[in-house]
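Input: a single structure, listed below in structure tokens.
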Amino acid sequence: MTKLGFYPGCSLEGTAREYNESVMSLATLFDIQLEQVPDWNCCGATAAHNLNKILSLSLPARILAQAEKAGMKEIIVPCAACYSRLSVTQHELFENSELKKQVEEVMDMTLSSPIRILNVVQFIQEFILPHLSEKIVKPFDKEVACYYGCLLVRPHDILQFDRLEDPQTIDRIMEQLGAKPIDWPFKTECCGAGLSVSRTDLVAKLSGKIVKEATERGAKAIITACPMCHANLDMRRSAINSYLAKKYDVPVLYITQAIGMACGLNNKQTGIYRHLVKVNN
Amino acid sequence: MARIGVFICHCGENISATVDCAKVSELAAGLPGVVYSTDYKYMCSDPGQSKIKEAIREHNLTGVVVSACSPRMHEPTFRKACAEAGLNPYLCEMANIREHCSWVHEKGDATTQKAFDLTRTLVEKVKNNHPLESIKVPVNKTAIVIGGGVAGIQASLDIANGGHQVILVEKQPSIGGHMSQLSETFPTLDCSQCILTPRMVEVAQHPNITLYTCSEIESMDGFIGNFNVKIRKKAKSVNEKLCTGCGLCTTKCPTKNIPSEFEQGLANRTAIYVPFPQAVPNKPVIDRANCRYFLTGKCKVCQKLCPTGAIDFEQEDEIIDVKAGAIVLATGFEIKNTDFFPEYGYGKYKDVINGLQFERLASASGPTQGAIRRPSDGKTPEKVVFIACAGSRDPAKGIPYCSKICCMYTAKHAMLYKHKVHEGTPYVFYMDIRAAGKNYDEFTRRAIEEDGAKYIRGRVSNIYEKDGKLIVRGADTLLGGKPVEIDADMVVLATAAVSCDGSESLAQKLHVSYDPYKFFAEAHPKLKPVETNTAGIYLAGACQAPKDIPESVAAASGAAAKVICLFSNDELTREPIVAKVNRMPPPIFSTCMGCEMCISICPYQAIDKENITNRNGEVIKTIAKINPGLCQGCGTCVAFCKSKSIDLEGYSNKQVYEEVLALLNN
């Protein structure tokens, strides 16, 4: 059994519970043990870096320090916002020893060396993909629009993951499941992110463009890897539909759910029953 | 007994802001052997130089130390001043207290002390200087021009018309460069080919110009006035002497689908081809990488057809040795292709093209005979978006500089499009309109006001294709960043101008410096814009930085003037900083033992054997002899000589030891 460090973050315990459920079910299916970073805390996400730089670095730094203390060589971070915050923090601190010292003083812990921070797509590539074909029972035989959002591939200089524009990794994984990824231009288009609560009207407009484009280009599902994107595309669908004055019912799936469905996991295991836009399997 | 004069320069405030110049002068006056010391605001100025001359005469000086800027800057100035006062110029030395001291340190006693220490070492050195005479070397009055674009053509013609021989080396099968690809030129809209092709023909017919196409520089050694260059003339597989240029071979070549470089991939060519109808020389070459015979061993159709038997599949690359007195670099530029832009589709959209491709579309000799048709389906585009600064002025793309030509040619493109497609709408996204130049601003205004090009100040964030249209999304920053979306039929990127592939290795072969973007570096950005740091090698055109046609031509004529100036001398005066084997009276003659070690290690092949004979002509001793015309004063032989028989004039071991000792014996 492979043992890997795991940082769920707040979303996976709240609005993206189904994401957590599908990640866990996949891990079990592929004989992987995901071990949570002990006593983990908030990554700071959208709020902290607008308010206080040291705070925005100290929060993720503490998570990294906790992981290091627990002897973890890598941590799996399914939430794209957490992944971004942890990666950027690690990069900044190991580039700037002065800053690192300051942050270490604040959290009263030290960071000795960088650890591997993997997003869910990298996790799948490395640990799931090699054994995927033998587990597929029901190929995901549909046109899909792979939607990466902003945080998975940016800032490119730091993450060095996939192409900045028109990324490809999720498309390739979906192909392995038997799906037909469409060529579309909005893979990294803004979904409205954290404005979901404060400016739902803007989210309806921005996410609406994405849903409309995916539908018009023939996608039967939108595949995502970010709780924020999912929330905006799925949870805000009624706002989107009233903005566009048309009923769009293309479902939004986490990539882990898509893999789970293809591998024959039930709705409870993949969590698709929790979606607001109904998924027909 | 040494009588040294010391002159401390303030360099305005460049030195005096951090160094107490009066104090340095005062301390220097106390050094043994120094009989005169003073400081002055600008030592290089006329009154400053007069101070030195007067002091030489009044105090009967035997040596001069000027503590000022780098000797690279003003050593010739001060040595000339000394010579005018009757002192041998090589008895004048400079202590660099600007670049090596005042510019790099804070104001304070330590900085002043360092300026004094630097001065002191040179005082000790100059005490051991002895008069030297400059060396004369002959000048070979042939120039090599590398690159046959408009700059290379202009430089070649100017030098050749000055009565000197020119060897023009061009990498491609034809001269003409990018200018031959252009449709019309700004700001006059005259036809590019019409003004260029007569000059190309002139090059081919000029009795003083030898043209080598498909050729590149293999290696270079030597120095100003005496360069030895090897040129690799690549196999064309066509015997130029036999070929009449009838073109029959190109009509029957079975390989017809090779994207034409000249047409920027918008049309195809055959494997045996002439790049374009007006090519000079107008004789075909075989592209071996695509030729069926070279790929499969079968075909030879062209050989069977050729009425003069000019096709030669066995032809090999030829190395040509030439000697020249000067070299002009005119290798030009390249532009980034559309695949450089992820946000504009990584080059996957056929109707997103670069500026040179648009030139071909607009050119009467182009693939569409000058009709503006988009590459994907040949339809006339109703809306064309031109994007200036595609890659340029974008540090994130590694190109922070302005490509300079794009503002003007984009205005020209918008105009040409409007002149050919009256009902069409050209949009131009721009950062700033940089139209500095004679009649340039008027030209861009004409594009906007008379031809109705819609200029939008802002950047384009991305382009995607939908229902046969290219959706161009950008922002109008004059309207507070308002998002703009245009459903265009074609998009033209004014992609960044960059240095040519291979310019770095060429610079290294020629010992020419280059900037971080691999453009060749001029010797001085203002006062020596066409010279390089290597004497005898000059720059013309866009190989130095992006330049438009008038600028390239002006630089080329400037470089040619420099070459002709150089060639107006039969001999060149060289610094006498050369190595010398010691000589002494018989019976020793020299401490050199004739081991010949120096001969084998001299990088310039400047050392030979010399037989010392008696009256009867019998060889008594063989020693090394250094040819002062070839010696570059590198000092390698000095370090290698086992018997310490070689010394470098102006930098003798004694002089350098005294400098070091002066520093140590504080």
Extending each Cα 7 Å along its Cβ direction at B:Lys397 and B:Met1, get the distance between those two points in nm, one decimal. 7.3 nm
Across 20 Å bins beginning at 0, the whole-percent shares of Cα-Cα pair distances in chain B come to 15, 37, 30, 16, 2
Label point 7 Å beyond Cα of A:Leu164 along Cβ direction - residues of segment B:393-423 with amide nitrogen under 16 Å: B:393-401
Work out from phi, with θ = phi - 60° and the Karplus expression 6.51 cos²θ - 1.76 cosθ + 1.60, the ³J(HN,Hα) of each residue of segment B:440-453, listed in order in whole Hz, and give x for Gly and Pro. 7, 5, 4, 5, 5, 4, 4, 4, 7, 7, 8, 9, x, 5
Any idea what diffusion coefficient the protein assembly as shown gets from Stokes-Einstein, in µm²/s, Kirkwood Rh on alpha carbon pairs, 20 °C, 1.002 mPa s? 62 µm²/s
How big is the dipole moment of chain B about its Cα centre under a simple scheme where the beta carbon of each Lys and Arg is +1, that of each Asp and Glu is -1, and everything else is neutral? Debye, nearest 20, please. 1020 debye
Quick calc, B:Asn268 & B:Asp339: beta-carbon distance into FRET formula, R0 22 Å, rounding 0.05, result 0.70
Mean Cα-pair separation over length for segment A:2-118, i.e. relative contact order, pairs under 8 Å, 6 or more apart, %: 30 percent
Whole-angstrom gap from segment B:156-200 to segment A:204-264, using each part's C-alpha centre: 58 Å
Which of the aspartates and glutamates could a cross-linker span from B:Lys236 if the Cα-Cα distance has to be under 20 Å and same-chain partners fewer than 8 positions apart are dropped? B:Glu170, B:Glu216, B:Glu218, B:Glu261, B:Asp287, B:Asp312, B:Glu314, B:Glu316, B:Asp317, B:Glu318, B:Asp321
Given Cα pairs under 8 Å that are at least 6 residues apart, what percent is the relative contact order of segment B:1-154? 27 percent
Over the Cα atoms of chain A, Rg to Rh with Kirkwood Rh, two decimal places? 0.97
Residues B:Asp432, B:Asp467 arranged by fewest to most Cβ contacts within 10 Å: B:Asp467, B:Asp432
By how many nm would the segment from B:Phe294 to B:His422 lengthen if fully extended, with 0.36 nm per residue of separation less the alpha-carbon distance? 41.2 nm
Can you sort A:Asp234, B:Asp441 from fewest to most other Cβ atoms within 10 Å of each residue's own Cβ? B:Asp441, A:Asp234
Nearest-0.05 FRET efficiency for A:Gln102 and B:Glu106 at R0 = 41 Å, using Cβ-Cβ distance, is 0.90
Apply the Karplus curve 6.51 cos²θ - 1.76 cosθ + 1.60, θ = phi - 60°, to the phi angles in segment A:53-65 and return the couplings in whole Hz, x for Gly and Pro. 4, 5, 4, 5, 8, 5, 4, x, 4, 5, 4, 5, 5
Fewest to most Cβ atoms within 10 Å: B:Tyr651, A:Tyr147 sort as B:Tyr651, A:Tyr147
In whole percent, what relative contact order does chain B give with Cα contacts below 8 Å and a gap of six or more residues? 13 percent
Any number yet on Rg/Rh for segment A:151-276, C-alpha, Kirkwood? 0.96
Once you have the Cα-Cα distance between A:Gln33 and A:Lys246, take 0.36 nm times their residue separation minus that, and quote the gain in nm to one decimal. 72.3 nm
So what's the gap between the Cα centers of segment A:80-114 and segment B:608-632, to the nearest angstrom? 71 Å
Inter-label distance, nm, simple model (7 Å from Cα along the C-beta direction), A:Lys135/B:Glu84: 8.8 nm
Size of the dipole of segment B:407-561 about the Cα centre, Lys and Arg at +1 and Asp and Glu at -1 on the beta carbon, nothing else charged, in debye to 20? 180 debye
Placing each pseudo-label 7 Å from Cα in the direction of the beta carbon, A:Glu143 and B:Ala17 end up separated by a distance in nanometres of 6.7 nm
For segment B:579-648, report the convex hull volume of the alpha-carbon atoms normalised per residue, in Å³, without decimals. 83 Å³
Residues in segment B:400-414, backbone N under 16 Å from the label point at B:Leu478 (7 Å along the Cα-to-beta-carbon vector): list them, ranges by number please. B:411
Unit charges on C-beta of K, R, D, E only; dipole of the protein assembly as shown, Debye: 1340 debye
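Quick note: the coordinates plus some simple rules give every number you see, no bench work behind them. Only a predicted model underlies this, so the values are computations on that prediction, with no experimental measurement involved. Methodologically, a virtual Cβ is constructed for each residue, glycine included, from the backbone with ideal geometry; neighbour enumeration extends over all protein chains shown.
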